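Asks: Dumping the structure here so I can ask a few things about it.
What follows draws every value from the coordinates through simple rules; no lab data is involved. The shown structure was predicted, so the numbers you read here are calculated from the model rather than taken from an experiment. Because the Cβ atoms are built from the backbone with ideal geometry, glycine has one as well, and the counts that use them run over all protein chains shown.
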Amino acid sequence: MFYIDCPHCGRRPEDEFAYGGQAHVAYPADPSALSDQEWAQYLFYRDNPKGSYRERWVHSAGCRKWFNAVRDTHTYEISSTYLGAPELTDAPEGVTT
Amino acid sequence: MGQRELPEHPSFLWHNPDPKPSYDVVIVGGGGHGLATAYYLAKNHGITNVAVLERGWLAGGNMARNTTIIRSNYLWDESAAIYEHSLKLWEGLEEDLGYDIFFSQRGVLNLAHTLQDVRDSVRRVEANRLNGVDAEWVTPEQVKELCPIINIGQDIRYPVMGGTYQPRAGIAKHDWVAWAYARRASELGVDLIQNCEVTGFTMDGDRVTGVRTNRGDIKAGRVALAAAGHTSTLTEMAGFRVPIQSHPLQALVSELHEIIHPTVVMSNHVHVYVSQAHKGELVMGAGVDTYNGYGQRGSFHVIEHQMSAAVELFPAFARAHLLRTWGGIVDVTLDASPIVGLTPVEGMYIDCGWGTGGFKAVPGAGFALAHTIAHDEPHDLNRPFALDRFVTGALIDEHGAAAVAH
């Protein structure tokens, strides 16, 4: 069990949250223009690093809002949480990973 | 069912050589899959100039962390074929390897707790039968006969509505399985090299020519990756991606008890699976932690959730003491089926994506991967499990039979 800083509610135990996978994966602007290979990348392929990872969480048992976190997938340490829409392809300025 | 006596431990298991400068085949990962692949390369294909590289100690990853359940009752034809082939190999394994692995065909019950579970289970039983896999639908009363310690009453959150039963399924002693493969592979000339971490690959154009390790560069005609949860970190170094997410999967054992649990019980819906090891520990597994993780540990609330389900189903467990919990890192794909075959890199092969169910596949995966390496072409058993199915769309959705929700 670890704790997560919800940008709205503050520090809460992990089991109040649900996981949403990799952050900043935008829906393709023109899906029909993609090749099968590119569509597969969008549908099935996500980064899977051992180390720093930007990912989505939702505070399901709290404010029920989505946000992003930067977490180390080896130590499980969360270095920051921040708001940001999923269509952003990268973290906003000022968020360091 | 009585407790089996442990046989004498052999005085010698395998050589512990330094790496040679070059091999015909280098297998990355010294767990069950890597060791079985090496054994079948030597035995079935006469390829013995082989090294198995293990970054820690032999069989110290998921092979030492799983709950040892073996079964073949998967839904789709492709899965039934490879898992049933694996089960048939298990049935002859003690004789083939000349080593006692405590393979015990005590049957597996997969419980149904909802109407949808019942429908899915009956469908799976019929599909299994068409594929020659032994399977039957059992009523709650039959569940109780097969496993008298189960609570089939209506007084729990998800009462037992029946289940599927595969009598030929069972368990084996996982570390002995690894040692059995390692010993035979070593006898046949395979170099088993521990504390040897792969740090990169040497390439000539699109072709792999060797591996870089913390013990120096090793040339290789062909390279196979059998690193389970850490596969992505290897393919990243090799320049291609795999559609895998790595998650912690936790398991636990109780202290030793008299033999009270005669079979293996799995419940997809309430997230618990339990058997009793030969020595008497109750061995249980939980669902995966939902976040990506490589820490070989998960979160305590997942264990709590699983224990509360276990105690409802098996009231006798309420007084058992937890002895030990641990986590392994499983390589989960989007269709809950493995990836075994060729890669975009010439001369490089992968065996990964077995997710939460890799142990049962040790013989079958090793058999198929060895064929794939030897012929530079997949065996019919693993042809459907190619990496390119995520592009063609020919997925093999086994979420219903995979037993651990992910």
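Asks: Report the net charge of residues surrounding B:M348, where surrounding means a beta-carbon distance below 10 angstrom and charges are Lys +1, Arg +1, Asp -1, Glu -1.
Replies: 0
Asks: Can you list the residues, at least 5 places off or on another chain, whose amide H is less than 5 Å from the amide H of B:I244, using H built in the peptide plane?
Replies: Residues meeting the amide H criterion: A:R46.
Asks: Right, next: What value, in deg cm²/dmol to 500, does the helix sum -39500 (n - 2.57) over DSSP H runs of n ≥ 4 give at 222 nm once divided by the residues of chain B?
Replies: After summing the helix terms and dividing by the residues of chain B, the value is -8500 deg cm²/dmol.
Asks: With only alpha-carbon pairs counted, each pair once and no self-pairs, how large is the Kirkwood hydrodynamic radius of segment A:12-58 in angstroms?
Replies: 12.7 Å is the Kirkwood radius here.
Asks: Tell me, what does the Kirkwood hydrodynamic radius of chain B come to in angstroms if you use every pair of distinct C-alpha atoms?
Replies: Working: mean 1/r = 0.0468 Å⁻¹.
Result for chain B stands at 21.4 Å.
Asks: Still on this structure, I have one more. Which shape class applies to chain A: rounded if a/c is under 1.5, otherwise prolate when a/b exceeds b/c and oblate if not, where a ≥ b ≥ c are the square roots of the Cα gyration tensor eigenvalues?
Replies: On the way: a/c = 2.05, a/b = 1.77, b/c = 1.16.
Verdict is prolate for chain A.
Asks: Another question about this same structure. Can you compute log10 of I(q)/I(0) for segment B:1-100 with the Debye formula, treating each Cα as one identical point scatterer, at q = 0.11, 0.14, 0.15 Å⁻¹?
Replies: Rounded to two decimals, the profile gives -0.46, -0.74, -0.85.
Asks: May I pose another question? Put +1 on the Cβ of every Lys and Arg and -1 on every Asp and Glu Cβ in the protein assembly as shown; which of A:L43, B:A112, B:I350 then has its Cα farthest towards the positive end of the dipole?
Replies: It is B:A112.
Asks: Counting only other chains, what is the mean number of Cβ atoms within 10 angstrom of the Cβ of each residue in peptide A:12-21?
Replies: Partner Cβ neighbours, averaged per residue: 3.
Asks: Same structure, new question: Determine, for each peptide in B:59-71, A:25-37, the mean count of other beta carbons within 10 angstrom over its residues, then list the peptides with the highest first.
Replies: Final packing ranking: B:59-71, A:25-37.
Asks: What's the center-to-center distance, using Cα atoms, between segment B:46-60 and segment B:206-221 in Å?
Replies: What the calculation gives is 14 Å, centre to centre.
Asks: I need the shape label for segment B:87-226. Rule: rounded when a/c is under 1.5, else prolate if a/b > b/c, else oblate, with a, b, c from the alpha carbon gyration tensor.
Replies: prolate
Asks: Additional query: To the nearest 20 debye, what charge dipole does segment B:313-406 have about its Cα centre, counting +1 at the Cβ of each Lys and Arg and -1 at the Cβ of each Asp and Glu?
Replies: Numbers: 5 positive and 10 negative charges, 137 e Å.
Magnitude of the dipole: close to 660 debye.
Asks: May I pose another question? Grab the DSSP H runs of chain A that are 4 residues or longer, score each as -39,500 (n - 2.57), total them, divide by all residues and round the 222 nm result to the nearest 500 deg cm²/dmol.
Replies: -2500 deg cm²/dmol
Asks: Further question on the same structure: Determine, for each peptide in B:297-306, B:224-233, A:60-69, the mean count of other beta carbons within 10 angstrom over its residues, then list the peptides with the highest first.
Replies: B:224-233, B:297-306, A:60-69
Asks: For segment A:1-66 and segment B:106-143, write down the distance between their C-alpha centroids in whole Å.
Replies: Segment A:1-66 and segment B:106-143 have Cα centres spaced 35 Å from each other.
Asks: Sort B:279-291, B:354-366 by the packing proxy (mean of other Cβ within 10 Å over each peptide's residues), most packed first.
Replies: Details: B:279-291: 22.0, B:354-366: 26.4.
Those peptides, ordered most packed to least, come out B:354-366, B:279-291.
Asks: Continuing with this model, one more query. In Å, what is the Rg of the alpha-carbon atoms in the protein assembly as shown, and how long is Dmax?
Replies: According to the Cα coordinates of the protein assembly as shown, Rg and Dmax are 22.7, 66 Å.
Asks: Other chains near B:282-294: what is the mean number of their Cβ atoms within 10 Å of each residue's Cβ?
Replies: So the per-residue partner count for this stretch is 4.
Asks: Let me ask something else. Work through the residues other than B:L130 whose Cβ is under 15 Å from its Cβ and net out their charges, Lys, Arg +1 and Asp, Glu -1. List each step's numbers first, then the result.
Replies: Values: positive: B:R123, B:R124, B:R129; negative: B:D77, B:E78, B:E84, B:E126, B:D134, B:E136.
Net of charged neighbours comes to -3.
Asks: Of the options B:G393, B:L282, B:S22, report the single residue whose Cα projects farthest towards the positive end of the charge dipole of the protein assembly as shown (beta-carbon charges: Lys, Arg +1; Asp, Glu -1).
Replies: B:L282
Asks: Same structure again: Assign unit charges at the C-beta atoms only (+1 for Lys and Arg, -1 for Asp and Glu), then state the dipole size of chain B relative to its Cα centre in Debye, rounded to the nearest 20. Write out the running numbers ahead of the final one.
Replies: Values: 31 positive and 45 negative charges, 91 e Å.
Value, rounded to 20: 440 debye.
Asks: In the Gaussian network model of chain B, springs joining C-alpha atoms below 10 Å, which of B:N382, B:N110, B:N214 carries the largest mean-square fluctuation?
Replies: In the Gaussian network model the winner is B:N214.
Asks: Please state the shape class of segment B:307-392: rounded when a/c is under 1.5, otherwise prolate if a/b exceeds b/c and oblate if not, all from the C-alpha gyration tensor.
Replies: Because a/c hits 1.5 or more and a/b exceeds b/c, segment B:307-392 counts as prolate.
Asks: Ignore the peptide's own chain and count Cβ atoms of other chains within 10 Å of each Cβ in B:58-70; give me the average, rounded.
Replies: 0
Asks: For Cα pairs less than 8 Å apart in space and 6+ apart in sequence, what is the mean separation divided by the residue count of segment B:62-197, i.e. the relative contact order in percent?
Replies: 36
Asks: Then there's this: Whole angstrom only: what separates the Cα centroid of segment B:339-364 from the Cα centroid of segment B:14-45?
Replies: That distance is 15 Å.
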